[in-house]
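*Asks:* Before I ask anything, let me first share the structure, which is written out below as structure tokens.
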Amino acid sequence: VLASLPLQVMLYFNVYYFPVWCLAEGMMLQLKYHLLPWHYQFLLVTAFLVLSLAEGSRLYLGYLGNLQEK
């Protein structure tokens with residue numbers, strides 16, 4: 001079984017676009033944070049952190065699994 005080249009290319013580009021997404025999303029969150037009620041503030045920060053951690057772990061496990069052919 002060989003590593004998937006299309007998956008590796010998508011992971012490669014996603015690794016470079018993920019920090020850009022985090023920066024843009026963080027800036028937008030900072031700009032509108034003070035305008036929202038506290039429960040929306042909590043939900044937005046929680047969703048941002050969960051999505052960032054999930055995407056980071058998905059990229060790491062994708063690289064690990066594809067390159068080790070698992």
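*Asks:* Relative to the longest principal axis of the chain, what angle (0 to 90°, nearest 10) does the C-alpha long axis of helix 38-67 take?
*Replies:* 10 degrees
*Asks:* Taking the simple approach of a point 7 Å from Cα along Cα-to-Cβ for both V9 and L49, what is their distance in nm?
*Replies:* 3.8 nm
*Asks:* On to the next question. May I ask for the angle, rounded to the nearest 10°, between helix 5-33 and the longest principal axis of the chain, with both axes built from Cα atoms and the value confined to 0 to 90°?
*Replies:* Here the helix axis deviates by roughly 10 degrees.
*Asks:* Here's a follow-up. For the chain, what's the relative contact order in percent, using C-alpha pairs closer than 8 Å and at least 6 residues apart?
*Replies:* Numbers: 20 pairs, mean separation 48.0, N = 70.
It rounds to 68 percent for the chain.
*Asks:* Taking 30 Å as R0, compute the FRET efficiency from the Cβ-Cβ separation of A24 and L67 and round it to 0.05. Working shown, then result.
*Replies:* Values: r = 29 Å, r/R0 = 0.95.
The calculated FRET efficiency here is 0.55.
*Asks:* Top to bottom by accessible area (1.4 Å), largest first, where do M10, M27 land? Walk me through the numbers on the way to the answer.
*Replies:* Values: M10 125, M27 95 Å².
The ordering from most to least exposed comes out as M10, M27.
*Asks:* Within the accessible area of the chain, what % is carbon and sulfur when the probe is 1.4 Å and the other protein chains stay in place?
*Replies:* Whole-percent figure for carbon plus sulfur exposure: 76.
*Asks:* For the chain, report the translational diffusion coefficient in µm²/s to the nearest whole number, using Stokes-Einstein at 10 °C, 1.306 mPa s, and a Kirkwood Rh over Cα pairs. Walk me through the numbers before you get to the answer.
*Replies:* Working: Rh = 13.8 Å.
The diffusion coefficient I find is 115 µm²/s.
*Asks:* Return one whole number: the accessible area per residue of the range 5-69 in Å², for a 1.4 Å probe. Display every interim value, and only then the final one.
*Replies:* Working: 5120 Å² over 65 residues.
In whole numbers, the range 5-69 has 79 Å² accessible per residue.
The values are calculated or read from the model by the stated rules, or taken from the named source; none is laboratory data. None of these values were measured; they are calculated from a predicted model. Cβ atoms come from the backbone with ideal geometry, glycine included; neighbour counts cover every protein chain shown. Keep in mind that these areas ignore ligands, DNA and RNA; they rest on the heavy atoms of the full protein, side chains included. Shrake-Rupley method; radii C 1.70, N 1.55, O 1.52, S 1.80 Å.
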